[in-house]
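The values are calculated or read from the model by the stated rules, or taken from the named source; none is laboratory data. Just so we're clear, the structure is a prediction, and the values are computed from it rather than from any experiment. Counting neighbours? That spans all protein chains shown, and the Cβs are built from the backbone with ideal geometry, glycine included. We work out accessible area using only protein heavy atoms, side chains counted, and drop any ligands, DNA or RNA first. Shrake-Rupley method; radii C 1.70, N 1.55, O 1.52, S 1.80 Å.
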Amino acid sequence: MNINEKIKEKIVLALDVEELEEAKNLVDSLYPYVGTFKVGLQLYTKYGNEVINYISGKNSNFFLDVKLHDIPNTVEKASENVVLRGANFFNVHATGGLKMMEAAVRGAKKASETLGKKAPVILAVTMLTSISQEVMDDEFEIKADVSEFAIRLAKLAKKAGMTGVVASSLEARRIKEACGADFKVLCPGIRPEWSAKDDQKRLATPKFAINEGADYLVIGRAVTKAESPLEAMKKIYDEIGEI
Ligand code: C5P
């Protein structure tokens, strides 16, 4: 099969698995189809360097989903280290504020200059999907509509020089309108037509997300838990078709 490079660039595979062997098997079978492998806290806290080295060995992009959130000085140093460690993508919480996001951009820039490679994609997490309007109202007592607040944070992320944000594909279009077409949107909650919903609520098909402006699609269990991850991935390419 000829790989559609435009689709490949958009595919971010979430390696949310328990064991290193499982992660390695997924990388081995899927790397020709995956632009970027995402390592989250589950795998990173167990097999940090081993899994990073394995992905880097395949010449694939590597997304360290660390969601940094600390004082600017700490985030600057940590961002530098994340990039020195080989990450092409990483993320921080937008609720850390403008200065913290600017610090992340500075740290990452310094590291990419040291390495002589292009600056990484730095994404801001606006509001976690686990934060509902009830949490805003009753726990945080923040008087704002949760999705308006997410847009406000996206604008702040843009001002800080971040590459883009993590957001539902149902919001991608509004974010692009508010922050501009070049501001990247990475969308989780992607399910092909044929796949189980798992615990995700605000879902979209890959095609829908791309039509709404998604630059990157996080794909996890629809592929990783499929009987044949490779076949599932090929079906996703077919479903997306030409872009
Ligand atoms: O496709 P699947 O539901 O398995 O993907 C889950 C991945 O997407 C996880 O790695 C999770 O961290 C990430 N994610 C999410 N919802 C968000 C942000 C990220 O599910 N709002």
For the chain: accessible area per residue (Å², 1.4 Å): 49
Shape call, the chain: gyration tensor on alpha carbons, a/c limit 1.5: oblate
Given charges at beta-carbon only (K, R positive; D, E negative), |dipole| of the range 156-243 in Debye: 360
Contact order relative to length of the range 95-243, as percent, for alpha carbon pairs under 8 angstrom and 6 or more apart: 18
Most fluctuating residue given options ASP182, ASP138, ASP65, as computed from a GNM of the chain linking Cα atoms under 10 Å: ASP138
Taking all pairs of distinct alpha-carbon atoms in the range 43-90, Kirkwood radius in angstrom: 11.3
Over the range 149-231, relative contact order from alpha-carbon pairs under 8 Å, at least 6 apart, %: 28
Given charges at beta-carbon only (K, R positive; D, E negative), |dipole| of the chain in Debye: 860
The range 198-243: C-alpha gyration tensor shape, a/c 1.5 cut-off, then a/b vs b/c: oblate
Share of carbon and sulfur in the accessible heavy-atom surface of the range 87-195 [1.4 Å probe, %]: 52
Kyte-Doolittle at least -0.5, axis length at least 20 Å by Cα - qualifying DSSP helices, the chain: 41-57, 98-115, 146-160
Cα shape, the range 110-243, gyration tensor, a/c 1.5 rule: oblate
